[in-house]
Every structure is written in structure tokens, then in C-alpha cells.
Amino acid sequence: MTENNSTKIEEGKLIAGRWRVVAELEAGDLPRYRVRNSEGWDGELLMVEELGDLPAKVADLKDISPHDNIIQSAEAGSWAGLNFLVRELVTGQT
């Protein structure tokens, strides 16, 4: 995914008016960033090529009771022409 200068994601950047970028995470298949919202919720922001019906799926997932083995999703949407997904940040080995 290409980024122009106005959408460059770096530490301190505010994404979608809600998610402050804390740090870039180790590279994987998608660009990933550690983010925190104003309520102090730590999350993992992923930039995705296509959203499709992902925002509706994330909204449906919010109705599921929290469980230790299910990553909680917080938001999916578009910002500055880029698509993103914010989910719970899970550290450690898979």
C-alpha cells in the first residue's frame, strides 16, 4: 500500500481522530502499529488494502462477550484514503 506525505503513519500521528500511534510494530504481511485511544485502550492498527464488509463484521464482533482466546476488534474504517482495522494488541508467542 502506498502512502503519500500527508498520510505517512509515524509515531504521534492521530488516526481517524481517535487512535494515537505509539510505535511501529515488527513487520508482518501488513503494516502494523501500536495505538492507544483517549480511554487508554491499547490496540494494534493494521492498514488493509480492501475493507469489503469488514466494518459490519467488526461491529458484529463487538456483541460477542470477551474471551481470552478471541482477539477483540475495536474499529474498522477509512482514514485519509487508507483502510484500517484496530484490534486488541496481543503480545508474546502464538
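The values are calculated or read from the model by the stated rules, or taken from the named source; none is laboratory data. Since this is a predicted model, take the numbers as computed values, not measurements. Reconstructed Cβ throughout: ideal geometry from the backbone, glycine too, with neighbour counts over all protein chains shown.
Only residues that are surrounded by 13 or more Cβ atoms within 10 Å (Cβ to Cβ) and part of a loop (DSSP other than H, G, I, E, B): list them for region 20-29, please.
Here is the first cut: in region 20-29, the residues surrounded by 13 or more Cβ atoms within 10 Å (Cβ to Cβ) are 20-22, 24-25.
25, the sole residue that qualifies.
Could you check region 33-54 and list, in sequence order, the residues that are surrounded by fewer than 15 Cβ atoms within 10 Å (Cβ to Cβ) and more than 23 Å from residue 91 (Cα to Cα)?
Scanning region 33-54 gives 49, 50, 52, 53.
Need pairs with beta-carbon distance below 9 Å; first residue under 20 Å from residue 37 (Cβ atoms) and part of a loop (DSSP other than H, G, I, E, B) and within region 58-85, second among the basic types (Lys, Arg) and modelled with pLDDT of 70 or more; sequence gap 6+ or separate chains.
71/87; 72/87
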